Structure formats: C-alpha cells, structure tokens
Amino acid sequence: MKICRISIFIEIRKMKQYIINFFTSLMYVPISLLIYYFLYRSILESGVKLAADVSELMAYYTVVLFIRAAVSHAMRAVYDVFTDINDGDLDLWIVCPVSYPFVRFFRAMGSVIVTVPTGILLLVAAMCFWSQPDPVGVLLLLVSTFLGFTVLYAMMFLLGLLTFWIKTVLTIRDIFWGILSIFSGELIPLQLLPEKLRFFAWNPLASVYYMPARVLEGEWGYLWVQLAYVVLLGGAALLVWRVGLRKYESQGG
Amino acid sequence: MKILMQFIRISVKRILAYPNEIYMVFLQAFVSVVSTALFWAVLFSGEEAYGHSQEFVYILAMIALLSNGVQELFFGLRDLEYLVQAGEFDRYLYLPRSPLLLRLGETLPVVPMCQQILIALAGIALVTVRFGIMLTPGRFLKCVGFLLLGTVYYQMIYGAVTFLCLRTENISSLRDLIFQFGDYKQYPLGIFPIVIRFFLTYIIPMGLVAYYPTVLLLGLDEPLPQLYLAMPLAAAACWWSYRTSIKKYASNGG
Amino acid sequence: MHRESLFRKNTETVHAVKGISFTIQDGERVGLIGVNGAGKTSTIKMMTGILTPTEGEILINGFVPVQRKREFLSQIGVSMGQRSCLFYDIALKESFRYYKEVYQVSDSDYSQRIDVFDQMLNIQELMDIPVRKLSFGQRKKAELVCALLHLPRVIFLDEPTIGLDVVVKENIFQFLTMLNQKYQTTILLTTHELESIEKFCQRIILLKNGRVLYDGALNRFAGMEDYRKISIPKRSYKERGFTFPNAVEVGDDVEFTINIRESDFSGLFRNMIFSDFTIRRLSLGDLIKQLEGEL
C-alpha cells in the first residue's frame, strides 16, 4: 500500500504539467460542443424525432467532454506498457519487489487525482447555467468518473500487455479508440440507439462516459455495474500480466 | 526517383516486419467507416433528409476517409515536435537532401495510406450503387483534384504552425487545437453559420478536404471557395516559418 | 526562498562556446576533449551545420556549414554516438541501401565499400538481421558504416565508442585509422575515453567552458614528456621521508608526480628493489586533472 501511495504522490508532483494539459484540453471542449450544437439543431429543425432535445443533448455532451478531458491520461497506458516491454525498461520494474500493474495504475491515478475533481467542479459551475446540480449526484459523479477511469485504464493496460505476443499494439489502440467512441457514448448518446441496440448501454465501455453521465442524472444503479467491470477487467489484467511475463524477451543491451 | 523508391521500400519492409499490422490498419480504417456510418444511421433513423440527403453524408464520410489517406503523405510532420525535443532532428540537417523530404519520406506509411484510399473508394462505389448515383469521370477527377489542392493548402497551414517547434520546441497545444478541428470534416458545412464556414474553408480548411470535394463529386450546384489569394499566402507563411525557425534551431542533447 | 514568477521568465545567456578558433588540415586526426558541458558537441554541431553560430565564421572545405549546400553535406560524415540513424524494425541492409541512395553512391562503389568495411567490422553477417535484434556494439558499428558509406572527406564523430567493450573499440579505431591512411580522411573526434584519444589522435583541442585551453600535438600537451608518475609502497615513502606535495595514497602505495627536467632523481630510488616501484608517463587523463586542478 505504501508504494501505491508513493506512486500517487510522485505523479502529483508533476501536477503542474498535468493541470496545464488538462486546461488545454478543456479549451477544445467548446469546439466539439459547437459541432454537436449545430448538428443536432439542424437535425431537429428538419423535423427528425430523437429521444432527447437540443438542451438535453448539449448537457449530455458537456458532461462527456469534461470527463474525457479529465481522464484522458488513461489512454497513455497502452503506450507506456508497449515501450516498457519493447525497450526493455520492464527489466527495471520486475527486479523490484513491487507489482508492476499496481504501480502503473496508481501512477496513472496520481495523474488524474487532481484533474478529475477539478473537471467535475468546473462542470458543476458550467451546469449552473442551465440546471441546479444535485450535490449527491455530483459526489456520485466523482465516484463514477474514477470507476470509469479505472475501467478504461484496465482495458488500455490489457491492450498494452498484448505487446508480449504481437510486438506492436499501437494500431490496435487506434482501433480501440474508434470502438470506444461508439460504445462509450462519446460519439452518440447510447439512449439514441434503436430499441434493439439499447442493451449496449450496459457494455463495459459505457462505464467510461455514458454511465457517469447517467449517474449524474440520478441513475445510481450504474455504479454497481461499473464496480463489477472494475473487478472483472482488473482481474483479467493481472492474469494476462502473469501469463505474458513468461514471454518477456527483454530487448536492448 | 531512386530515393523515392527507397522510401516506399522501407515503408513496405517496416510493415512486413509486423505482418499483423497490415490487418490491423485495414481494420482501423474499417472501424472508422463503420462508426461514421452508424452515427449517421442512428441520426437518420429512417428519415430521408434534414437539409442534406443520406447519400451526401455517406459520400462525405468516404471522402473524409479518402482525405485521411492522402494526408498520410505528410505523416512525418505530426511528431516533428517530439523529434526536436529528443534531439533526433539533427541528423536530417547533415544529410545532403532536404530535411523535410527525408522526414516525410522516412515516415511515409505507404500500406496504411493505400488501404485507407482503397476502403474510401470502395465505400464511394458502394454508396453510389446503393443510392443509384451517376458518377462521371470528370466529376471524379475534379473531386480528387480539389481534394489534393485542399490537402496541400491545409498542410501548408499546419506546417507553418508545426515548424515553430524548431525554435520553441513546445507547440503541442496549438497543434492539437488544429487537430481538434479535424472533427469538423465529417459534418456538412451547411449546418454551421457563415462565420464558422469561412473559418473552416480558409483558416483551418477542413471544408476543402471533405465537403467541397463531395460537392464536386455529386455535381451539386454550390459556389466553390476561391483560393487564388489564400494558397500563395499559406505557402509564404509556411516557407517563412520554416526558414526563420531553422535558423533559430538550437538542437537538444549532447 | 526563491519565488518563480508565473508570467515573467528569468533568462540567462549561456555561452556554449566563446572565441574558439582553430584550423585543421586535410588528413589530420584531431581529438576534441573536455569535461561535460565544455562545448565539444556544440562545436561539432556548428561545424556540421546543425547550429548557427551567433558570431564568427566556420569554413569546412571552403563551405559555410550552416548554408547546408548539398556539395558540403556530401563531403562530410557524421556519427552522433547517442543518436541512431538506423531503421529499427527492419534488416540492417535496408538502412545501408537507404543511405546509399541519400548519398548517391553507385552500386559498384557500394559493394566495394561494404566489402572493405566488412573486413574490419564484420558487418556482412549482420546484414539480414533487424536492427532491434543487434547488440549495442553491432549497432554502433553499423551506425559508423552508414556515416562513412560515401567516403566523406571529413568525419565528425561525437562519442562514437560510448558504452562499447574493448574489442569493439579496437576494431572501430583500426577501421578509422585505415580510412585516414588510405583515403586521407580528416577525422574530428570527441570522446571521454582519453586512452582512445592517446592511441588514435595526433592532435588534441582541449575545451573548458566553451574556450580552447590547449590546441596542439598530443605529446606536447602540458609537458606530457616532462612528467612521470611514480608509485612506491607507503612503507618506503615514509621510511625515506619523502614529502611530495602532490602525493596521494592509492591502496598500499603512494603515487606522486615529478618533473624529470626540473628534479634530480639520482638518489630517489637508491637501494630500492625494482619490484617496489613503478614509473610511467602521465596519461592524458592525469594531465587534464592536473590542469583542472591548477585552473
């Protein structure tokens, strides 16, 4: 536990850079919101019926974009694991009496431990313009966002571990990003999907953006779903790590 | 010519070193198309049009993919900043060829570029057959020509910003801002107000690499942007940025 | 407490090099030496056109490096020890073929040169191996081949043997000596491995804080020929009542330096057994340390 705490604190010391990156990525939120606003306004003005109106959709996308800016550091996991394995830097980790997956996770957690609450606070400030945010809802949004981050991190870590077998995983990561944008609710709110496809709202990728957005609207049951995915994917990551380590070739010299 | 063949050879050899990559890149382009198609399919949900026909938005998505493929020619510019920070740009300066040519050539992703272009062309063919669109060679050539022109224009603006990293090293925020506007490629320009349309045509010209080529391909009656002044200005900005920044290049590492 | 302003940036001008001036003739082998931060790499970067000097003029074979004319770049070869120019994922021969085209080396010249390089560096056996699978020493040899494939008139080597074992280093320096003797190639080399400089370079340029401290023949550096380092057992040192100001204890012995031109040593080793003492010339490292101590 101590090493996990220290890992978090190491990353907090780099907070200046993370905060700068976070605020820089927040600058892009209006750009994305503009697209969605004009798009959905154009669609709805032409008479198309969707399961939400423009303001509900804008509220949804605002939440999603803020969360995306706050948890984006999780995306690095693939690249970090990929370079550790391919460059032989993993040597330095496995000779230490620490668990590589946990240390990596807590370092990633350290990088978002300030940006996530900051993002949530800014979101709440933005939300005050169109609604009265429920304090309990906001608190649970915070919890839900951290759970979503953990799920995303676990998936990214798993992808990175594929390097043990297939040496180059960066294109797989790019494919995953494409799939993530659909199934997480980033591209389109999952409640807009046709009835037959609504079950996608329960898929693990939905834990990252869609479920936190719904938790904020009062659907707290999603928290248990996220927790279940954390346990499932975390366990899978640890198992794959153990199996993959046997195949480690330690390049470089 | 020989050096060009070497660039292609190295690119192909690289991808053959990891054969799985060939399938992965194909899959990536495919997923990109599917996600766009799904997006529009959900929004249309049976409706025919909302200012733009279904075939327009699907062709627009394919042209956007085609432009992504063409823009791979300039892939080497994307991580120029990190190259400079790591001191890896030095070696381009003491080789007897243009540093930019070498950088773009060495990182040219021939196979992914071809795959994206092929998938895009296949997608265009599919949409034209599905919606019974009559395509003529003339319209196709105009579309491709304008796409190439738009790509060059866009890359000149992008290059003008990117080359600043030779003097300041850290320009990722500004560069990422330009990248963010890449999202606008997928959407018909008509949904945006005139100010944004102007911005997306002349400042961050996303419209030039997707929307207007689509208009040309479908033979729609819409005025095209006039680039007679904009192109030379962009070229001058790009050239100036490179020349002045390379003089101030301070290298990294010892 | 030092407070940093959020908006105002305090800047300090650091002169990487200042007022250095030297001329190198064709075919010379010159070692550019100095401690970290002395300005060695900055000097090489200016001479290869990577950096633009703030003041002064540099001419290499009549060319101004920073203009980066193709004729100039075709006449130089550069190897930066800590930077790789190889394509990591593919066979080594692809990197060689690439640089063959960059430097426009003809097919016949390319084959001939690879054969010559192979005799000294054994690179043919590495040709089909992906670079990432080569050992560090093999990669360094391959880097050198890439830099020399076009047989440049001038070679700039920045730490070419860093991290290499003795055998590989020996190979590389024999190879460089062959190039210098056969093709009259001018070689400018920076390294911290002063034994290599002693063996390979005829001339050294010593830099400190961006300035030239010494520029001349190696054997005349800091009176290299005038000094000797003596090592005698501690017991003998004490018994004889020696009190040399520069004496240091090294294990069971005491080492001190003497100037053979200035001192009379006839009585120094009287009644001592040969095995009890050693005399050797000062190494380049010893001289530099001595000079650093004096300055």
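The values are calculated or read from the model by the stated rules, or taken from the named source; none is laboratory data. Note that the coordinates shown come from a computational prediction; the quantities given were computed from them, not determined experimentally. Neighbour counts run over all protein chains shown; Cβ positions are idealised from the backbone, glycine included.
Data table
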item	result
Of all residues making up region C:122-138, the number that are part of a loop (DSSP other than H, G, I, E, B) and within 14 Å of chain A (Cβ to nearest Cβ)	3
The one condition in (1) part of a helix (DSSP H, G or I); (2) at pLDDT 90 or above; (3) hydrophobic (A, V, I, L, M, F, W, C) that C:V105 fails to fulfil	(1)
Residue count, region C:21-34 (criterion: over 24 Å from B:R91 (Cα atoms) and at pLDDT below 90)	1
Filtered residues of region C:145-175 (kept if in contact with a helix residue (DSSP H, G or I) (Cβ under 7 Å, 6 or more places away or on another chain) and under 22 Å from A:D87 (Cα atoms))	C:P160, C:T161, C:G163, C:L164, C:D165
Selection status of C:K229, outside the structural domain of C:V254 (by TED's automatic domain parsing) and of a type in the set (K, R)	no
Selection within region C:38-47 - farther than 15 Å from C:F22 by Cα and not small (G, A, S)	C:T41, C:K45
Filtered residue count, region C:245-261, keeping only those that are over 16 Å from C:G285 (Cβ atoms) and either β-branched (V, I, T) or surrounded by 13 or more Cβ atoms within 10 Å (Cβ to Cβ) (or both)	6
Among (1) free of Cβ contacts under 8 Å to residues at least 12 places away in the same chain; (2) away from chain C (no Cβ under 14 Å); (3) in a helix (DSSP H, G or I), the one test that B:D221 misses	(3)
Any hit, region A:189-202, residues being buried (at least 21 other Cβ atoms within 10 Å of the Cβ), of a type outside the set (V, I, T) and closer than 30 Å to A:Y100 by Cα	no
Restricting region B:162-216 to residues that are farther than 26 Å from A:L65 by Cα and in contact with a Lys or Arg (Cβ under 6 Å, 6 or more places away or on another chain), the residue that is nearest to the other protein chains (Cβ to nearest Cβ)	B:R167
Unique match (being out of contact with any helix residue (DSSP H, G or I) (no Cβ under 6 Å at 6 or more places or on another chain), hydrophobic (A, V, I, L, M, F, W, C) and crowded, with 17+ Cβ neighbours inside 10 Å) among B:L121, B:L100	B:L100
Per-region count, region C:139-174, residues of a type in the set (A, V, I, L, M) and either part of a loop (DSSP other than H, G, I, E, B) or surrounded by fewer than 17 Cβ atoms within 10 Å (Cβ to Cβ) (or both)	6
Single unsatisfied condition, C:V17 versus (1) out of contact with any helix residue (DSSP H, G or I) (no Cβ under 7 Å at 6 or more places or on another chain); (2) outside the structural domain of C:E198 (by TED's automatic domain parsing); (3) of a type outside the set (D, E); (4) on the phi < 0 side of the Ramachandran plot	(1)
Of all residues making up region C:64-91, the number that are within 16 Å of C:L188 (Cα to Cα) and assigned to a strand (DSSP E or B)	5
Search result, residues across region C:229-244 that are surrounded by 16 or more Cβ atoms within 10 Å (Cβ to Cβ) and among the basic types (K, R)	C:K229
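So that you can scan it fast, the table gives a plain yes or no per residue for (1) under 23 Å from the mean Cα position of the chain (by Cα); (2) at pLDDT 90 or above; (3) surrounded by 15 or more Cβ atoms within 10 Å (Cβ to Cβ); (4) at the interface with chain A (Cβ under 9 Å from one of its Cβ atoms):
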| position | (1), (2), (3), (4) |
| --- | --- |
| B:F7 | yes, yes, yes, no |
| B:S11 | yes, yes, yes, no |
| B:S35 | yes, no, yes, yes |
| B:V42 | no, no, yes, yes |
| B:H52 | no, no, yes, yes |
